[in-house]
1. Name, by its number, the condition in (1) among the basic types (Lys, Arg); (2) in a helix (DSSP H, G or I); (3) surrounded by 13 or more Cβ atoms within 10 Å (Cβ to Cβ) that does not hold for Lys32.
2. Return the residues of region 14-24 that are farther than 19 Å from Asp97 by Cα, open to solvent by 20 Å² or more (accessible area, probe 1.4 Å) and either in contact with a helix residue (DSSP H, G or I) (Cβ under 8 Å, 6 or more places away or on another chain) or among the hydroxyl-bearing types (Ser, Thr, Tyr) (or both); say none if nothing qualifies.
3. Scan (1) open to solvent by 80 Å² or more (accessible area, probe 1.4 Å); (2) free of Cβ contacts under 8 Å to residues at least 24 places away in the same chain; (3) at negative phi for the single condition Asp42 breaks and write down its number.
4. If the Cβ limit is 6 Å and pairs must be 6+ apart or interchain, which residue in region 19-35 that is within 14 Å of Leu59 (Cα to Cα) pairs with which residue that is part of a strand (DSSP E or B) and open to solvent by 10 Å² or more (accessible area, probe 1.4 Å)?
5. Give region 71-101 a look and list any residue that's within 22 Å of Ser56 (Cα to Cα) and part of a loop (DSSP other than H, G, I, E, B), or say none.
6. Out of curiosity, is Asp68 within 15 Å of the chain's Cα centre (by Cα), part of a strand (DSSP E or B) and surrounded by fewer than 24 Cβ atoms within 10 Å (Cβ to Cβ)?
7. Please go through region 130-144 and give me each residue that is in a helix (DSSP H, G or I), out of contact with any strand residue (DSSP E or B) (no Cβ under 6 Å at 6 or more places or on another chain), open to solvent by 40 Å² or more (accessible area, probe 1.4 Å) and not aromatic (Phe, Trp, Tyr), ordered by number.
8. Can you find a residue that is in contact (Cβ under 8 Å) with a residue 12 or more places away in the chain, open to solvent by less than 50 Å² (accessible area, probe 1.4 Å) and of a type in the set (Asp, Glu) anywhere in region 113-129?
Amino acid sequence: MMTAYIEAKKAFAEEEVPVGAVIVCKGKIISKAYNQREVTQDPTAHAEILAIKEASKKLKSWRLNECDIYVTKEPCPMCAGAIFQARLAKLIFGCSDKKAGYAGSLINVLQDQRLNWQTEVVSGVMEKENRALLQEFFKSKRKK
């Protein structure tokens, strides 16, 4: 999670919403990313999506079922869907997102038994640090 947090700080420095993601496969980091929507003007350039794309490219497979993803904030609907589609084994996230979280806050799509894949979900890892970074970011935006 510390590596994801460092990625989130890179996003903050570039005036992106500070979210970082890291994918680990068999104990080794294979990809990491941070939000890049502003710089790319791409609404899909979330940290999770970018990390999944990089991991899939490295493994030469869209199936990441032997991998875990660490994210500083609970994934949105799009990112939870991508985690599901990539068949990631486990999602470990920092702070919840009461307004857009799809890994437990609003809906837990990743553990819906009606679907053909479930991802284990662990929440609250480095929660205080990740929440503080997001709060600092949005507070700085309100001052402008």
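1. (2)
2. So the first thing to find is which residues in region 14-24 are farther than 19 Å from Asp97 by Cα, and the list is 14-15, 23-24.
Within this subset, residues satisfying the condition of being open to solvent by 20 Å² or more (accessible area, probe 1.4 Å) are 14-15, 24.
Residues satisfying the conditions are Glu14, Glu15.
3. The number of the failed condition is (1).
4. Ile23/Ile30; Val24/Asp68
5. Residues of region 71-101 that are within 22 Å of Ser56 (Cα to Cα), as a first pass: 71-93.
Those that are within 22 Å of Ser56 (Cα to Cα) and part of a loop (DSSP other than H, G, I, E, B): Glu74, Pro75, Cys76, Arg87, Leu88, Ala89.
6. yes
7. Just the residues of region 130-144 that are in a helix (DSSP H, G or I), to begin with: 130-143.
With out of contact with any strand residue (DSSP E or B) (no Cβ under 6 Å at 6 or more places or on another chain) added as a condition, the list becomes 132-143.
Still in the list and also open to solvent by 40 Å² or more (accessible area, probe 1.4 Å): 132, 135-136, 138-143.
Ala132, Gln135, Glu136, Lys139, Ser140, Lys141, Arg142, Lys143 - these are the residues of region 130-144 that are in a helix (DSSP H, G or I), out of contact with any strand residue (DSSP E or B) (no Cβ under 6 Å at 6 or more places or on another chain), open to solvent by 40 Å² or more (accessible area, probe 1.4 Å) and not aromatic (Phe, Trp, Tyr).
8. Looking for residues that are in contact (Cβ under 8 Å) with a residue 12 or more places away in the chain, open to solvent by less than 50 Å² (accessible area, probe 1.4 Å) and of a type in the set (Asp, Glu), one finds none in region 113-129, hence no.
The values are calculated or read from the model by the stated rules, or taken from the named source; none is laboratory data. Note that the structure is a prediction, hence the values are computed from the model and not measured. Neighbour counts are summed over all protein chains in view; Cβ atoms, including those assigned to glycine, are modelled from backbone coordinates with ideal geometry. Accessible surface is based on the protein model in full, side chains and every heavy atom, while ligands, DNA and RNA are left aside. Shrake-Rupley method; radii C 1.70, N 1.55, O 1.52, S 1.80 Å.
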